[in-house]
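Participant: Submitted below is the structure of interest, expressed as structure tokens.
Taken together, the values in this text are just the output of simple stated rules run on the coordinates, not laboratory data. On a predicted model such as this, the values are computed, not experimentally measured, just so you know. Glycine also receives a Cβ, built like all others from the backbone with ideal geometry; neighbour counts cover every protein chain displayed.
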Amino acid sequence: MTVRTLFLNHSATMGGAEFGLLDIARSVRDTSLVVLLEDGPFRERLEGAGVAVRIVEAGAIHRVRRGSRAPGIATLAALWRAAREVGAIAADHDVIAANSQKALVVGAVAARLTRTPLLWHLHDIIEAPYFSRLNIKADVVLANQCANRVIAVSRATADAFVRQGGDPAKVHVVYNGIDAHPDDPAAPNAAATRAALGLAGVPVVGCFSRIAQWKGQHVLVQAASDLPGVHVLLVGGALFGEHAYERTLRDFVRSLGMTDRVHFLGQRDDVSALMRCVDFIVHPSTAPEPFARTLIEAMLTGRAPIASACGGVPELIESGTNGYLFPPSDAEALRDILRHLLVSPDEVQRTAEAARQHARRHFSQAAFVSAITAHLESAAMSRPTRRAAHRSEEVVA
Ligand code: GLC
């Protein structure tokens, strides 16, 4: 069955949810369209992959934040306009697939207006204190009333949705899947990357994540402050305006006298080369991480990731076998793991190999894309669309 899918995403900045959608949309590009509620780098990435994109500017909707209270008139008006426009585009599609919370809000109204089935790909752990009561309530009501299916990126994400009143019959777990990057023969080798960074011959720990308070870069810096000679690479930018946190982080590094050991690389396109050049990869989120694609990327690069045990992360890592878990915000526990691994090369090699196998076996991009496509097909069939309704009436008659 060919499902004409209208993917809807509010943001045009490349975060984890956008990378996942890029892979899905690319694989069904002949029958799909991606609608973005703003213009930006994601449009370029999609178009570069041969995916058709439309921008529906949603203005005031973008001012709504995770913790926002009741929306004002301007926001509601922008929402209504965007939903009508998306509804008009949906007339040529079998299913709307909303990829974010704001996309759910717009997509739910558009789906209702046009009687188009709706699937919500849920990439967030929707719980206080990270989201406001109103935010959570709106998500749950709209998902229960308007979505045919909710795809959660981890069991933890699904459980939080159900705890908040989400309909358990609608929610299915599909883990993200990522392709092992084929080694680009033109890419610099690890030693060359190291040399270019001026880090030849020293132990290096990398963190590959946007700069944000809840991503916990400060926990890694704190842990490394007790590990003389260890350098820290922070790869990622303050993508969603967390510049105040970046300033605090830089001050923290200065106050610990670590400016020569902590390297802020900003947002980079050569992530796999950088991952290959570090000894260890740490993901120190302080709030429940719904999935964390960076952990799978680390595993595919042949690194057993060291991550805080929260949200969906323990579903991805078996501590001591293919990675290491430590309690969120516990810099001392992280320091102890690193201290142990720095002198345990055999163990590092063993867990790294197990990590690579684990990611290949359980988190392949092919399995991810085919599971999502199957859910899109089921969603498209779960309620008659306008044309399908006609057809079934004919059959019944
Ligand atoms: C969101 C989540 C992240 C997850 C990604 C892909 O960005 O915060 O944990 O890896 O979506 O599902």
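Participant: Using only the alpha-carbon atoms, what does the stretch 45-143 span along each of its principal axes? Please give whole angstrom values in decreasing order.
Facilitator: 39, 28, 25
Participant: Where in the chain are the helices, taken as whole DSSP H runs, whose Cα atoms extend 24 angstrom or more along the long axis and whose Kyte-Doolittle mean reaches at least 0.5?
Facilitator: 73-90, 365-382
Participant: What Rg and what Dmax come out for the chain when only alpha-carbon atoms are used, in angstroms?
Facilitator: 22.0, 80
Participant: According to the square roots a ≥ b ≥ c of the eigenvalues of the Cα gyration tensor, what is the shape class of the stretch 259-304, taking rounded for a/c under 1.5, prolate for a/b larger than b/c otherwise, and oblate for the remainder?
Facilitator: Oblate is the answer for the stretch 259-304, as a/c is 1.5 or above yet b/c matches or exceeds a/b.
Participant: Then there's this: Mind listing the long-range amide H neighbours of residue 263? Cut-off is under 5 Å, sequence gap 5 or more, other chains count too, H placed in the peptide plane at 1.01 Å from N.
Facilitator: Amide H neighbours of residue 263, under 5 Å, 5+ apart: 232, 233, 234.
Participant: Based on DSSP H runs of at least 4 residues, each adding -39500 (n - 2.57), what is the mean residue ellipticity at 222 nm of the chain after dividing by all its residues, to the nearest 500 deg cm²/dmol?
Facilitator: Theoretical 222 nm ellipticity from helices: -14000 deg cm²/dmol.
Participant: In the Gaussian network model of the chain, springs joining C-alpha atoms below 10 Å, which of 173, 202, 348 carries the largest mean-square fluctuation?
Facilitator: 202
Participant: Tell me which trypsin sites (Lys or Arg not before Pro) from the stretch 307-378 have a DSSP coil assignment and no more than 12 other beta carbons within 10 Å of their own.
Facilitator: Within the stretch 307-378, no trypsin sites (Lys or Arg not before Pro) qualify (loop, at most 12 other Cβ atoms within 10 Å).
Participant: What does the convex hull of the alpha-carbon atoms of the stretch 1-51 project to on average, in nm²?
Facilitator: Result: a mean projected hull area of 3.1 nm².
Participant: Next question, about the same structure. Around residue 170, which amide H atoms from residues at least 5 apart in sequence, or from another chain, sit under 5 Å from its own amide H, with H modelled in the peptide plane?
Facilitator: Result for residue 170 returns nothing.
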